[in-house]
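The values are calculated or read from the model by the stated rules, or taken from the named source; none is laboratory data. Because the structure is predicted, anything quoted here is derived from the model rather than measured. Positions of Cβ are backbone-derived with ideal geometry, glycine not excepted, and every protein chain shown enters the neighbour counts.
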Ligand SMILES: Cc1cc2nc3c(=O)[nH]c(=O)nc-3n(C[C@H](O)[C@H](O)[C@H](O)COP(=O)(O)OP(=O)(O)OC[C@H]3O[C@@H](n4cnc5c(N)ncnc54)[C@H](O)[C@@H]3O)c2cc1C
C-alpha cells in the first residue's frame, strides 16, 4: 500500500556504518526533529559494514604505505573520532580489540623506504617506532621464524592498533541515537527504497511499502548510492570498478596486525594478517581483490544494477580499458582472481602469506567461505582513472556517499561533514553544534 505521510527533515537511505554514524550525529548534535533511517535488510550493517565483510581495521595512516602524508593526516583525524567514540562508549570492549600493529619491510629497498617514511611520519604519529629483527621477533615470533638473519628486515610498529567490529559499531550508533528522547526517529528495516523523486520543495522516497516525504535526503547505500545519483541525473562522470575482497583463515600465528609494504602502482592495499576482532585464536589473511560486475557481494541480482551504473557505456569501456592496460594492475587482478578459486587458489595465495609468516604450512590455510564484501572503487570517466577513497556527490538538498576502504574508519568525520551539509540544506532555524561534536570526538 502506498501512502504519503508527514514530512521528514532528513531521510537516510542505507543503514551501514556511514548511515548509522550520520543518524548518531544528527540525533545528538542538532535540533533536527524528524529523521528516518531506511534499510532494506532486517538489521543494520549486513553488507560491507558486516563483521565478516571487511578487514576490521581502524585505519590511521601510520602503517598504510599506500597513503601519502597528506592523506594520512586526514585519515588519522577521522579515525581518531572512531577511537574516541569507542573509548568513551565501549568500556567492556565488545566492539573493538586493541592490538599492536606493524608494517614489515623485507630486503634493502623496502628497508630504505620504511626508514625514510619513518622520518616523515614520526611527528604525526609519535607512538610509531622503527624496529629491527630482534624487536619484531619479540612481538611477532612467526614473522621472523624461518628468515635468514642476513635478510634485512625491519618494521614500523605501534601499540596503537584497533580491530573494530563495524557491524556492532553501527548498532551502537543506532542504540545511542534512539535514546535521544527529543527526536522522532523512525527505523524502517526490511524496507527497500525503489525510487527517489523530486517533488515540490521535497523528495518523494518510494519504498516497497509506503512512500514518504523528505525535506533532505542522505543516500548512504554503498555502491547503490551511485545508482540513485544517476537516476536523479547526478554523478554522470563516474562508474564503478567493484573489487571483491576475500580472506583466508589460519590458526593463531600473529599477535597483532602485520601489513606489507604497498607495491607501487597498485590501487589496493597489500594483503595483511591479523587476529580476528573477537577471537585471537584465528588469524585472517587478505583481502584479495577480484573484480566482479556486482554492487553487493553474493547477491547476483545486483549484476544488472551494476551495469546500470554505467558499466556498459562506451565511456566506461574506454576507462576500464585504460586502467586495465596498465600491466602491473592487470597481472595483479588476474592473480587475485586465481586466489579465490576453491582448493587451487591457496597454492598461489600462500606465497603472499609467506611474505608475512615464512613457515606457514599449506594445511594451515583455509579459504574463509562467505567472507568479504565489495569495495566500490570510483572510476572517473573524464580522466579515465581510478580514484581512490570515498566519493561524495552533492545535489539539491540531497547527498550521495560511495564508500570504499577506509570508509568505515572515516564514518564519523563523513557524518560530521554531512551533518553540516544537511543543516545548510534545511536552512532556517536548524543548527548543528559542531563545537560539541569536536569536543566529544575529535
Ligand atoms: C574486503 C573489504 C575490506 C575492507 N576493510 C576495511 C577496513 O579494514 N577498514 C575500513 O575502514 N574500511 C574497510 N572497508 C571498507 C568499509 O567496509 C566500507 O567503507 C564501509 O563498510 C561502508 O559503509 P557504508 O555504510 O557506506 O556501506 P554499507 O555497509 O555497504 O551499507 C550500505 C547499506 O545500504 C543499504 N541499501 C542499499 N541499497 C538500499 C536500498 N535501495 N534501500 C534501502 N537500503 C539500501 C544496504 O543494505 C546496506 O546496509 C573494506 C571493505 C571491503 C569490501
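Computed values, structure above
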item: Extreme residue, surrounded by the fewest Cβ atoms within 10 Å (Cβ to Cβ), among residues of the stretch 27-78 that are near the ligand (Cβ under 6 Å from one of its atoms) and closer than 30 Å to residue 427 by Cα; result: 40
item: Residue that is surrounded by the fewest Cβ atoms within 10 Å (Cβ to Cβ) [pool: residues in the stretch 81-91 that are out of contact with any helix residue (DSSP H, G or I) (no Cβ under 8 Å at 6 or more places or on another chain) and either assigned to a loop (DSSP other than H, G, I, E, B) or in contact (Cβ under 8 Å) with a residue 60 or more places away in the chain (or both)]; result: 91
item: Residue in the stretch 243-262 that is away from the ligand (no atom under 11 Å from the Cβ), touching a helix residue (DSSP H, G or I) at 6+ places or on another chain (Cβ under 7 Å) and over 30 Å from residue 164 (Cα atoms) present; result: no
item: Of all residues making up the stretch 157-193, the number that are surrounded by 18 or more Cβ atoms within 10 Å (Cβ to Cβ) and farther than 28 Å from residue 91 by Cα; result: 3
item: Yes/no for residue 349 being touching a helix residue (DSSP H, G or I) at 6+ places or on another chain (Cβ under 7 Å), away from the ligand (no atom under 16 Å from the Cβ) and modelled with pLDDT of 95 or more; result: no
item: Total residues in the stretch 72-86, condition in contact with a strand residue (DSSP E or B) (Cβ under 9 Å, 6 or more places away or on another chain) and farther than 28 Å from residue 135 by Cα; result: 2
item: Pair list, Cβ < 9 Å and 6+ apart or interchain, from the stretch 361-386 residues that are on the phi > 0 side of the Ramachandran plot to residues that are more than 16 Å from the ligand (Cβ to nearest atom); result: 384/315; 384/318; 384/319; 384/320; 384/321; 384/322; 384/323
item: Filtered residue count, the stretch 353-370, keeping only those that are touching a helix residue (DSSP H, G or I) at 6+ places or on another chain (Cβ under 7 Å) and more than 17 Å from residue 148 (Cα to Cα); result: 3
item: Unique residue being farther than 15 Å from residue 271 by Cα and modelled with pLDDT under 95 when the list is 380, 336; result: 380
item: Members of the stretch 213-229 that are outside any strand (DSSP E or B) and under 22 Å from residue 427 (Cα atoms); result: 220
item: Hey, residue 206 surrounded by fewer than 23 Cβ atoms within 10 Å (Cβ to Cβ) and touching a helix residue (DSSP H, G or I) at 6+ places or on another chain (Cβ under 9 Å) or not; result: no
